[in-house]
Amino acid sequence: MDWGRRLCAWASEGSNVRRSAMVSVAIGLIIILGCAGGLAYACIIPSSHVFHPVVNRGPAESRNVVLTFDDGPAPPFTEQVLDILAEHGIRATFFLCGKNVERYPELARRIVREGHTIGNHTYSHPFLFGKSRRFMAREIDRAQEAIERVTGVRPTLFRPPYGARWFGLVPTLSERGLRMVMWSVMGFDWKYKARAIIWAIKSRLHSGAVVLLHDGHEQPPPAGVDQSATVQALPAIIETATRSGLTFAPIEKFLA
Ligand SMILES: [Zn+2]
């Protein structure tokens, strides 16, 4: 006899006490699953405002789109992305890892020099789930210091690695005057080839979109992810948006 049938037999043979015990267990399970779902929503979903007010899109009537690039800087991808953006006169936002800024300071300076916005993406790109407030503060502060030391700019925007938020992140960001920026359209460019990246963005693109792409990785090449597919996809993404009547704008347009 399997466990399900045994349980049914136990409940049907039993008294009201057994039945009410089973109902209690079922309610307990529903509550636990509900809490787990709520926590997952709060921690992972980019549009969730549970932990902190986030900017993840702009006004729908704006006809503007914002491009964001995470995890860099990293050669040669950041340079190639910057070349394409310059060619099209687009200003994007780069969420930099402090460690990569120290590895490639000239690239970080070029991003700023060419008029793009830079944000804090922590120092070493850790997963923030379950981390202490002290740990998160140290990661954010180290990145702020590295970025300011190298570029002369102290970021006012923050994006958590993997989009993961945790308890304690809210006050840590508030104390430092940092605003959280997430996204509304994802290119999945850490795993897709160029054609799939283009399709992923094209199928979800909307007026007011904040698009997430990557120009680097927390590990430098060759250990890090190869972002050449992002570079290959970028011209087609720009063309698709432009043909749809959308204009690329700096993130500041969405921060009012
Ligand atoms: Zn990242």
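Return a yes/no flag: does the range 143-157 have any residue that is farther than 21 Å from residue 109 by Cβ and within 14 Å of the ligand (Cβ to nearest atom).
Among the residues of the range 143-157, not one is farther than 21 Å from residue 109 by Cβ and within 14 Å of the ligand (Cβ to nearest atom), which makes the answer no.
Any residue at all in the range 49-67 that is within 16 Å of the ligand (Cβ to nearest atom), modelled with pLDDT of 95 or more and under 18 Å from residue 231 (Cα atoms)?
Yes; the residues of the range 49-67 include at least one that is within 16 Å of the ligand (Cβ to nearest atom), modelled with pLDDT of 95 or more and under 18 Å from residue 231 (Cα atoms).
Please identify the pairs in which a residue from the range 96-107 that is part of a strand (DSSP E or B) has its Cβ atom under 9 Å from the Cβ atom of a residue that is of a type in the set (Val, Ile, Thr), counting only partners at least 6 apart or on another chain.
Pairs found: 96/111; 96/118; 96/147; 96/151.
Spot the failing condition for residue 168; the list is (1) buried (at least 16 other Cβ atoms within 10 Å of the Cβ); (2) more than 16 Å from the chain's Cα centre (by Cα); (3) modelled with pLDDT of 95 or more, and only one is missed.
Of the numbered conditions (1) buried (at least 16 other Cβ atoms within 10 Å of the Cβ); (2) more than 16 Å from the chain's Cα centre (by Cα); (3) modelled with pLDDT of 95 or more, the odd one out for residue 168 is (3).
Every residue, every condition in (1) among the aromatic types (Phe, Trp, Tyr); (2) crowded, with 22+ Cβ neighbours inside 10 Å; (3) part of a helix (DSSP H, G or I), yes or no:
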| site | (1), (2), (3) |
| --- | --- |
| 109 | no, no, yes |
| 122 | no, yes, no |
| 126 | no, no, no |
| 129 | yes, no, no |
| 134 | no, no, yes |
| 139 | no, yes, yes |
| 143 | no, yes, yes |
| 150 | no, no, yes |
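Take residue 169 and tell me if it is farther than 27 Å from residue 113 by Cα, within 16 Å of the ligand (Cβ to nearest atom) and either touching a Ser or Thr at 6+ places or on another chain (Cβ under 8 Å) or touching a residue at least 60 places away in the same chain (Cβ under 8 Å) (or both). Explain how you work it out, then say what you get.
On the way: farther than 27 Å from residue 113 by Cα: yes; within 16 Å of the ligand (Cβ to nearest atom): yes; either touching a Ser or Thr at 6+ places or on another chain (Cβ under 8 Å) or touching a residue at least 60 places away in the same chain (Cβ under 8 Å) (or both): yes.
Yes.
So residue 86 clears everything in (1) modelled with pLDDT of 95 or more; (2) among the small types (Gly, Ala, Ser); (3) not in a helix (DSSP H, G or I) except one condition, right? Which one?
(3)
Take the residues in the range 189-225 that are in a loop (DSSP other than H, G, I, E, B) and of a type in the set (D, E, K, R), then tell me which one is modelled with the lowest pLDDT. Reasoning before the result, please.
Applying the first criterion (in a loop (DSSP other than H, G, I, E, B)) to the range 189-225 yields 189-193, 203-208, 215-225.
Narrowing further to those that are of a type in the set (D, E, K, R): 189, 191, 193, 204, 215, 218.
Working: 189: 95, 191: 91, 193: 96, 204: 97, 215: 96, 218: 70.
My answer is 218.
Go through the residues of the range 120-133 one by one and say whether even a single one is under 23 Å from residue 56 (Cα atoms), within 18 Å of the chain's Cα centre (by Cα) and away from the ligand (no atom under 16 Å from the Cβ).
No, the conditions are met nowhere in the range 120-133.
Residues of the range 172-188 being assigned to a loop (DSSP other than H, G, I, E, B) and under 18 Å from residue 56 (Cβ atoms), which ones?
178, 182, 183, 184, 187, 188
Tell me the residue from 28, 38 that is at pLDDT 70 or above and either closer than 30 Å to residue 204 by Cβ or surrounded by 10 or more Cβ atoms within 10 Å (Cβ to Cβ) (or both), please.
None of the others qualify; the one that does is 28.
Take residue 87 and tell me if it is away from the ligand (no atom under 16 Å from the Cβ) and closer than 23 Å to residue 210 by Cβ. Write out each step before concluding.
Working: away from the ligand (no atom under 16 Å from the Cβ): yes; closer than 23 Å to residue 210 by Cβ: yes.
Spelling it out, residue 87 is indeed away from the ligand (no atom under 16 Å from the Cβ) and closer than 23 Å to residue 210 by Cβ.
Would it be correct to say that residue 162 is within 13 Å of the ligand (Cβ to nearest atom) and either part of a loop (DSSP other than H, G, I, E, B) or among the small types (Gly, Ala, Ser) (or both)?
For residue 162, the condition - within 13 Å of the ligand (Cβ to nearest atom) and either part of a loop (DSSP other than H, G, I, E, B) or among the small types (Gly, Ala, Ser) (or both) - is not met.
Quick check on the range 68-83: of everything there that is surrounded by 24 or more Cβ atoms within 10 Å (Cβ to Cβ) and part of a loop (DSSP other than H, G, I, E, B), which residue is nearest to the ligand (Cβ to nearest atom)?
71
Could you grab the pairs with beta carbons closer than 7 Å, sequence gap of 6+ or different chains, first residue in the range 195-211 and touching a residue at least 12 places away in the same chain (Cβ under 8 Å), second one in a loop (DSSP other than H, G, I, E, B) and polar (S, T, N, Q)?
205/244; 209/184; 210/56; 210/184
The values are calculated or read from the model by the stated rules, or taken from the named source; none is laboratory data. Remember, predicted model here, so these are calculated numbers, not experimental data. With ideal geometry, Cβ positions are generated from the backbone for all residues, glycine too; neighbour counts draw on all protein chains shown.
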